[in-house]
């Protein structure tokens, strides 16, 4: 009988060894509440992009002549966000050094404070800033450190 119990205990231990081990370097965000019970709370990450989906991206350069005219790059697109009320901001990134550069733009979306309705909301985001040249090879919209959209056709309005 002792042999049978030892055999079943060994079998259970070997099955437990087959379970995936937690990587100590991997932060799951789990917080142990009490022995055997844990509550999972994802750790906030600044590099996360809240965009669920994006579409309808376009870019153009305004090179219209006139008094006080300045070359202006315009970028617009639609993004689906998990809640309404996000604050949108843009930052110019690196542009390659070719004759027709590809401009990187960083899109930052700050979530609203307090309680908000959990409903997917489509927002049109728009960038307007100084253009480096009349002709661009493209625009890459970055969000959370990763490319969100690549716009290859940048037209020039003259």
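Read the figures in this text as sums done on the coordinates, not as results from a lab. Predicted model only: the values in this text are computed from it and were never measured. Glycine gets a Cβ as well: all are built from the backbone with ideal geometry, and neighbour counts include every protein chain shown.
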If each residue's Cβ is checked for other Cβ atoms within 10 Å, how do 58, 89 rank with the fewest at the top? 89, 58
What full-extension length gain, to one decimal in nm, is calculated for residue 126 and residue 88 as 0.36 nm per residue of separation minus the Cα-Cα distance? 12.8 nm
Return 55, 97, 104 ranked ascending by Cβ neighbour count within 10 Å, so the fewest neighbours appear first. 97, 55, 104
Neighbour-count ranking [beta-carbon atoms within 10 angstrom, fewest first] of 123, 53: 53, 123
Relative contact order of the range 53-157, pairs being alpha-carbon contacts under 8 Å that are 6 or more residues apart, as %: 34
Give me the percent relative contact order of the range 101-158, please, defined on Cα pairs under 8 angstrom at least 6 residues apart. 42
Cα-based Rg / Dmax (Å) for the range 53-157: 15.1, 48
As a percent rounded to 5, the proportion of antiparallel DSSP bridges among beta bridges in the range 53-157 is 75
